[in-house]
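Encoded as structure tokens, the structure appears first; notes follow it.
The values are calculated or read from the model by the stated rules, or taken from the named source; none is laboratory data. Nothing here was measured: the structure is a model prediction, and the numbers come from that model. For neighbour counting, all protein chains shown are included, and Cβ atoms are generated from backbone atoms with ideal geometry for every residue, glycine included. Areas reflect the complete protein model, heavy atoms only, side chains present, ligands, DNA and RNA absent. Shrake-Rupley method; radii C 1.70, N 1.55, O 1.52, S 1.80 Å.
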Amino acid sequence: MNVVRVNVVRVLVVDDQPVIRAGLRALLGAADDLRVVGEAGDGAAAVSMARELGPDVVLLDLGMPGVGGIDATLQLTRSTPAARVLVLANQVSDESVRGAFQAGAAGLLLKTSSPREILSSVRSVAAGASVLPYSVMRRLMSRPAPHARLPRVAELRGKVASLGESEVKVLALVAAGMSNKEISGALHLSLTSVKTYVSRILRRLGLDNRTQAAILAYELGLSCEQAGIESGRPVLVGPDES
């Protein structure tokens, strides 16, 4: 009899409210492909436990007291770069969304998200994609990017303009939330080539991770259409999730 092996995603749950942690632990623990490896009640403990446990995903409350979600995300992405941070928020502002992603978060969810949305988002983030609620993405895209508040935008715009055609296309698809495997299929490139392009883009732009590259592409107004790609598929969660 053939045994099907399931790749288990190891999750660290971080929230200052025990009842929230218990609910997330129960939800994630009921899935065959997800396992809660630890819990933390504040950002400082989360950073310490992530170093010790090496989780694949850190499910992190954005509004914790003390070391808050954005500061904790920044510390996690620096000290445990292999762990992908998915932040949870009661409510969000444009500044908090940008702050979370610029700190290195791989995704953001509202605490009002359904159990299905939470599970699918953890899996997507673990697979290398970025997630953002449809309602938040729609609100962000309906407003002009605040270039005046980002002093490096002009400098980075010039660097993006110096990228090759294939690199610009890869950057646009990273911004659309695609994983390396999805970009490989969309552009008919080998997975190794895509990984090389992404690494080169991050190095040339002086960015720490692909989420920062996605935020930069948004700030510059870079779309799949502008990059010469017929269609891109953002990873969104919410009413339009299929």
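When each of Asp71, Asp94, Asp56 is tested for being within 16 Å of Ile118 (Cβ to Cβ) and touching a helix residue (DSSP H, G or I) at 6+ places or on another chain (Cβ under 9 Å), the lone residue that passes is Asp56.
Taking first residues from the range 108-119 that are farther than 20 Å from Ser93 by Cα and partners that are of a type in the set (Lys, Arg) and not in a strand (DSSP E or B), no Cβ contact under 7 Å between residues at least 6 apart in sequence or on separate chains turns up. For the range 4-29, residues that are open to solvent by 80 Å² or more (accessible area, probe 1.4 Å) and closer than 15 Å to Val122 by Cα total 2. Restricting to the range 174-205, and then to whatever is at pLDDT 85 or above and under 18 Å from Glu219 (Cβ atoms), can you tell me which residue is farthest from the chain's Cα centre (by Cα)? By that ranking, first place goes to Arg204.
Here is a list: Asp42, Asp56. Which entry is at pLDDT below 95 and open to solvent by 10 Å² or more (accessible area, probe 1.4 Å)?
Every option except Asp42 fails the conditions.
The residues of the range 87-98 that are touching a residue at least 24 places away in the same chain (Cβ under 8 Å) and open to solvent by 20 Å² or more (accessible area, probe 1.4 Å), listed by number, are Asn90, Val92, Asp94, Ser96, Arg98. What number of residues within the range 111-125 are closer than 21 Å to Gly54 by Cβ, open to solvent by 20 Å² or more (accessible area, probe 1.4 Å) and modelled with pLDDT of 90 or more? The total comes to 1.
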